[in-house]
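Structure first, commentary second.
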2 protein chains.
Amino acid sequence: MEGKSWIFKNRPAIVASGVVGGPFEQKSPYSGEFDLVKDTLWMEEESFEKANRQLIESAIQVTLDKKTLSSNDIDALLMGDLINQITPTSMAARTLSAPYLGLFSACATSMEGLALSAALIDGGYCQKVLTGASSHNAAVEKQFRYPTEYGGQKPPTAQWTVTGAGVALIEKASPHNAPLALIEKATIGKVVDNGIKDPFNMGAAMAPAAADVIERHLNQTNQTIDDFDLIITGDLSRIGHPITEDLLKQKGIAFKSGQFLDCGKMFYPELPDVQAGASGPACSAMLVYSHFLNELQKGSVRKILSVATGALLSPLTFQQGESIPCIAHAVELSSPAVNSQSFRGEE
Amino acid sequence: MEGKSWIFKNRPAIVASGVVGGPFEQKSPYSGEFDLVKDTLWMEEESFEKANRQLIESAIQVTLDKKTLSSNDIDALLMGDLINQITPTSMAARTLSAPYLGLFSACATSMEGLALSAALIDGGYCQKVLTGASSHNAAVEKQFRYPTEYGGQKPPTAQWTVTGAGVALIEKASPHNAPLALIEKATIGKVVDNGIKDPFNMGAAMAPAAADVIERHLNQTNQTIDDFDLIITGDLSRIGHPITEDLLKQKGIAFKSGQFLDCGKMFYPELPDVQAGASGPACSAMLVYSHFLNELQKGSVRKILSVATGALLSPLTFQQGESIPCIAHAVELSSPAVNSQSFRGEE
């Protein structure tokens, strides 16, 4: 048995989102589509981890405000981050005070959360779910590498962790809640490990996991890449993205020009500091829940496959000589603007 | 709105489980119901974290063997542990090579996983799901406190992290798969923080979260404690358990004698080393997926509410002066032996 993708019969809707970035993220060409950017990495908090918590709280609040909701309206928060024991997310969940399911898929967390949220809405267990992911550059550097103040040099394969949070509100699609995108299907990733041990080359480490889930999604849902306007990976960046493209080509899956994108390559395209590109759970969460959601809402993009990619290592597994286990989760989103079935309501 | 519990219309079944313990766990009065106990904490691995991974792999393998299944038969693994970035679980997921959803609710992870697994089966997204939780005493002590070799003293409110793993296989209930227990309902926890900052008193810290989810489960499902033979908390132990009992009494919820149990109190009752009792994600996962599952299968217990309790702190949040955010997730299980509806099959 090859496995199954999840088919959401009633196609739950993303009805609002909140995207908040840090100061460096103002330089992204997509920053005009973010809801809020913070002026400093500290955000008037006492630690970078507390600033990470504030990013999540802000993204949640922006999302709630757009629909004039309060925490009492939320049936579940499904979210995670990169910090040990995902404490920034748990502290933000304390502030929200809604039922909370903590997740960890490293930088693939956003699509783990979106897939599970869609299942909880589609299956009728919840009515309003918040889901998302976040990261904070300085908190992550301090934990996984060195504090940024040390100014340690990095090889050109290294990536830059995005400071920010992206959150989406998921509901049952209806004519009353003006969907931004519909959640069609999802394929859950398997852990794939190609033996890479270099934590400064996570794009190459994650590439096979991304190729695996894209191939499985197409096969398991009887689709080809021609059914998608865009396939968007999370943070493979300039090293990993072409590797995934090559791996898929070997399987007979060849993209048209401009069809295969990567949030890590798009996030800060002109900045030399970012080396191979952007990374972090916030990288794809912020672009998917701002720019790509806007494109889907307008109908300028009809259908996308969002593939968040995660490296499931820790500083300890690196020290203990382990290679990097990687994962990617894929969620298929469609545009309500070009999809007349979307407003049928009850099915 | 008070919130909703999840009602599983087709009542998914736990059809097999695998429970593996460490050497100290052989002293538990329930060890005769475990499937396997390891003779050393090292388990011939090079690190305690790798031994933690081995516990998970063994518990998964035992579960698969009972139903003569292989990894290809598994639609999803939902699991987590206490180690930074849940790397033991991710490494075990690499070995299993099935779709993997990483979870983190600290010691409440087992019931987060069981609730989500039941939703994925009941909603029709998966056919066979593995879920569970694990911990390793020496790996956890090293990360959260001091390496055990230091011999640091602890106050009598401290608890002893269980070494082990408990895994369950969830399927749609049918006459063909001989259910051990049926999963009726679940209530997802909110983060509750009563201001306790002492990481050696987690029972007291977690007690209000446990009381909150028990009260919400009863109210939201229109039940009283008279509907349950047993309500079983995860690892509140000798300090936290009576606090939860008092908090519920103040809300008019008074247990009958012997009705309100705690896995942390039961796990190693006679051992002075364990201070206030047992703790760790494995504590409740091991007892619920061995002893209580056996009782449900026999029908000697008709209905239980399993309430896993978790403290969502990290060494860093402690160092930064944060109080301990806590959570508890509740899953309602019934006995197939006394429940004639269980074998109706398709509904």
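The values are calculated or read from the model by the stated rules, or taken from the named source; none is laboratory data. Small disclaimer: the values here were computed from a predicted structure and weren't measured. Here the Cβ is made from the backbone with ideal geometry for all residues, glycine too, and neighbour counts use every protein chain on show.
Overview of values
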{"read-out": "Filter result (among the hydrophobic types (A, V, I, L, M, F, W, C), surrounded by fewer than 24 Cβ atoms within 10 Å (Cβ to Cβ), in contact (Cβ under 8 Å) with a residue 60 or more places away in the chain and touching a helix residue (DSSP H, G or I) at 6+ places or on another chain (Cβ under 7 Å)) within segment A:186-231", "value": "A:Val192, A:Ile196"}
{"read-out": "Residue pairs meeting the criteria (Cβ under 6 Å; at least 6 apart or on separate chains; first without any contact (Cβ under 8 Å) to a residue 12 or more places away in the chain, in segment A:132-150; second of a type outside the set (S, T, N, Q))", "value": "A:Tyr146/A:Gly152; A:Thr148/A:Ala138; A:Thr148/A:Glu141"}
{"read-out": "Residues (surrounded by fewer than 24 Cβ atoms within 10 Å (Cβ to Cβ) and either part of a loop (DSSP other than H, G, I, E, B) or within 14 Å of chain B (Cβ to nearest Cβ) (or both)) located in segment A:144-160", "value": "A:Phe144, A:Arg145, A:Tyr146, A:Pro147, A:Gly151, A:Gly152, A:Gln153, A:Lys154, A:Pro155, A:Pro156, A:Thr157, A:Ala158"}
{"read-out": "Residue ID - nearest to A:Ala119 (Cα to Cα), chosen from residues in segment B:65-104 that are at the interface with chain A (Cβ under 9 Å from one of its Cβ atoms) and of a type in the set (D, E, K, R)", "value": "B:Asp75"}
{"read-out": "Residue within segment A:24-39 that is closer than 24 Å to A:Val129 by Cα, assigned to a loop (DSSP other than H, G, I, E, B) and in contact (Cβ under 8 Å) with a residue 24 or more places away in the chain present", "value": "yes"}
{"read-out": "Output for segment B:41-53, where each listed residue is within 18 Å of B:Val140 (Cβ to Cβ) and assigned to a loop (DSSP other than H, G, I, E, B)", "value": "B:Leu41, B:Trp42, B:Met43, B:Glu45, B:Glu46, B:Ser47"}
{"read-out": "Residue within segment B:174-185 that is within 25 Å of B:Gln85 (Cα to Cα) and either touching a residue at least 12 places away in the same chain (Cβ under 8 Å) or touching a Gly at 6+ places or on another chain (Cβ under 7 Å) (or both) present", "value": "no"}
{"read-out": "Residues of segment A:150-169 classified as in contact with a helix residue (DSSP H, G or I) (Cβ under 8 Å, 6 or more places away or on another chain) and closer than 29 Å to A:Ser58 by Cβ, total", "value": "11"}
{"read-out": "For B:Ala138: the one exception among (1) in a strand (DSSP E or B); (2) farther than 17 Å from B:Glu171 by Cα; (3) more than 10 Å from every other protein chain (Cβ to nearest Cβ)", "value": "(1)"}
{"read-out": "Filter result (in a helix (DSSP H, G or I) and surrounded by fewer than 24 Cβ atoms within 10 Å (Cβ to Cβ)) within segment A:96-118", "value": "A:Leu96"}
{"read-out": "Subset of segment B:54-95 [of a type in the set (A, V, I, L, M, F, W, C) and in a helix (DSSP H, G or I)]", "value": "B:Leu55, B:Ile56, B:Ala59, B:Ile60, B:Val62, B:Leu64, B:Ile86, B:Met91, B:Ala92, B:Ala93"}
{"read-out": "Residues of segment A:109-124 that turn out to be touching a helix residue (DSSP H, G or I) at 6+ places or on another chain (Cβ under 8 Å) and at the interface with chain B (Cβ under 9 Å from one of its Cβ atoms), as a count", "value": "5"}
{"read-out": "Residues that are closer than 16 Å to B:Ala186 by Cβ and aliphatic (A, V, I, L, M), drawn from segment A:96-117", "value": "A:Ala98, A:Leu101, A:Leu116"}
{"read-out": "Boolean, B:Asp81 is of a type in the set (Asp, Glu) and either under 24 Å from B:Ile232 (Cβ atoms) or not assigned by TED's automatic domain parsing to the domain that holds B:Gln143 (or both)", "value": "yes"}
{"read-out": "Condition check for B:Ile60: within 14 Å of chain A (Cβ to nearest Cβ), under 25 Å from B:Asp122 (Cβ atoms) and not acidic (Asp, Glu)", "value": "yes"}
{"read-out": "Residue within segment B:3-17 that is closer than 16 Å to B:Ala165 by Cα, outside any helix (DSSP H, G or I) and either assigned by TED's automatic domain parsing to the domain that holds B:Tyr289 or touching a helix residue (DSSP H, G or I) at 6+ places or on another chain (Cβ under 6 Å) (or both) present", "value": "yes"}
